[in-house]
Amino acid sequence: MIKKVPQSAHQLIDQFGRTVDYIRLSITDRCDFRCVYCMAEEMTFLPRHEVLSLEECARLVKIFVSLGVSKVRITGGEPLVRKNALWLFEEIGKLKNLNELVLTTNGSQLEYQANNLRNAGVKRINISLDSLDAKRFKKITRTGNLDKVLRGIDAAKNVGFENIKLNTVLMRGVNDDEALTLVKFAIDQSIDISFIEEMPLGEISHDRESTFFSNQETLKLLQNEYPLIASAETTGGPARYWRVANTSTKIGFISPHSHNFCEHCNRVRITCKGELFLCLGQEDKIDLMPLLRDNPHHDQPVIEAILASMAIKPKGHDFDLHRAKPAVIRFMSHTGG
């Protein structure tokens, strides 16, 4: 039975009493990489008219911030391939009640965009990096250039973001032998790293059950090499962190399979189509694009839909690698990384 939770004028509270103060907004389904765990090799992308305009993205963020959201993460696809994306970061960066504007990127455009993003108000940045071997990196991403990403990481370090974190998906028999190498790289660069278990989103070319590498296995590998100290630190997301003793690096583990982190979920996701997904691993959603376009000068219908969506936010996801079909048919690039 759904509990009726009174809504504050400036707070989003779901049916389980969880406060939602964090949104992840995808501004494009397009990407210049084709990572094997994220996309099919041949992708059909959305036509422009089915994608939120940057002005609609900015409007949505402003509405959510007015409802108490204090953290916004811009994702894709690869957000920095969206034409004029910097304008959006600048608009969001002006919002007074927003505490954190953060970005998830594959790093391909950072060599040229890092300084502008920092000036626009981006505080933290997550960069996907699944291998430090150029040939393997190309195989995983299908189109990516490792040297370009490494130059992007250097550029991000040089402009002084408050935090830079690598995101790594380990796959058995593909790159699981690089866990120690990637952590050493993070320590040497004085940045953080998170390991993310592969998620069953979208139909891809390999069998996820055979490539699945759990974070418990990763943690055990790392503990054999490094003195790790459990930490209660949080960045507002689902990661559990460990500090590497005598370094500035912390290691995060995002474990949707081996550790269900839903009891404290504080976030929702908005796709580039304006779909408000209440959970990454479920299909519950509200379509906001029609409301935005039918009411270009009136936010109340959008606000009412967002408030109503809190009643259908599920208790949690249910990922099962043994299913014949993926838990969710849509690709990760559709929902937003």
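Just so you know, all these numbers are worked out from the coordinates, no wet-lab data involved. Everything numeric here is computed off the predicted structure, so don't read it as measured data. Here Cβ is always computed from backbone atoms with ideal geometry, including for glycine, and neighbour counts include all displayed protein chains.
Annotations for the structure displayed:
- Whole-number percent relative contact order across segment 12-335, with pairs defined as alpha carbons under 8 Å at least 6 apart: 21 percent
- Comparing Cys279, Gln300, Ala186 along the charge dipole axis of the chain, the residue lying farthest to the positive side is Gln300, per the Cβ-charge model.
- Angle in degrees between helix 179-189 and the longest Cα principal axis of the chain, rounded to the nearest 10: 80 degrees
- Percentage of interatomic Cα-Cα distances in segment 157-307 larger than 25 Å: 45 percent
- Ranking Pro227, Leu146, Ile23 by how far each Cα lies toward the positive end of the dipole of the chain (charges on Cβ) leaves Ile23 at the top.
- Rounded to 5, percent antiparallel among DSSP beta bridges of the chain: 35 percent
- Rounded to the nearest 20 debye, dipole of the chain from Cβ charges on Lys, Arg, Asp, Glu: 520 debye
- Compared with the dominant principal axis of the Cα atoms in the chain, helix 300-309 is inclined by about 50°.
- Local net charge near Lys184, Cβ-Cβ under 11 Å (Lys/Arg +1, Asp/Glu -1): -3
- Comparing Glu50, Glu90, Glu78 in a Gaussian network model of the chain (Cα springs below 10 Å), the most mobile by mean-square fluctuation is Glu50.
- Normalised by 2.2 N^0.38 Å, where N counts its residues, the alpha-carbon radius of gyration of the chain equals 0.96.
- With respect to the chain, whose longest principal axis is taken over its alpha-carbon atoms, helix 110-120 is tilted by about 40°.
- The three principal axes of the Cα atoms in segment 46-113 give end-to-end lengths of 31, 29, 16 Å, sorted in falling order.
- Stokes-Einstein D (µm²/s) once Rh is taken as the Kirkwood radius of segment 36-181 over alpha-carbon pairs, at 20 °C in 1.002 mPa s: 130 µm²/s
- Under a Gaussian network description of the chain, with springs only between Cα atoms under 10 Å, the residue in Thr105, Thr28, Thr44 that fluctuates furthest is Thr44.
- Net charge of Cβ neighbours under 12 Å - reference Leu12; Lys, Arg +1; Asp, Glu -1: +1
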